[in-house]
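For reference, the structure discussed in these notes is given below.
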Amino acid sequence: MAPVDETTLGIYSDSLQRCLDRPRFLERFYELFLESSEEVRQKFARTSFPDQRRALRKSLLEASWIASPGVEAKAELERVAHTHSRAEKDIPPHLYDLWLENLIRTVQEMDPRFSPEIE
């Protein structure tokens, strides 16, 4: 993964912090994501959502670290890829599009400074 420039990292980090400051941000994301597809609902049928929200929060915060200049994140990205692979959680590629669409939709709802640049 190529490093992201500092301006983009700043935009991401600032928006993420505003969203995380909203108590229902992570809950709202999962509400929208689960509403988006029966397949998503099935994948999360036996999920502990408090644990899932903590994992999502951690991964969103780690994303800025992973994309930072000078950071070698290959091992972390490979770990995440394996966890979501067909061998483990079996997450098909089209669900990543739904995930991203619903994340953007949630940020749009929760970040009072949402803009095309943030999107």
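The values are calculated or read from the model by the stated rules, or taken from the named source; none is laboratory data. For clarity, every value in this text was computed on a predicted model and none was experimentally measured. Reconstructed Cβ throughout: ideal geometry from the backbone, glycine too, with neighbour counts over all protein chains shown. Areas reflect the complete protein model, heavy atoms only, side chains present, ligands, DNA and RNA absent. Shrake-Rupley method; radii C 1.70, N 1.55, O 1.52, S 1.80 Å.
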### Task
Being open to solvent by 40 Å² or more (accessible area, probe 1.4 Å), touching a residue at least 40 places away in the same chain (Cβ under 8 Å) and not in a helix (DSSP H, G or I) is the filter here, so list the residues in the stretch 26-47 that pass it.
S36
## Note on the structure
From the option list P50, P92, P69, P23, single residue qualifying as modelled with pLDDT of 75 or more, out of contact with any strand residue (DSSP E or B) (no Cβ under 6 Å at 6 or more places or on another chain) and open to solvent by 70 Å² or more (accessible area, probe 1.4 Å) is P23
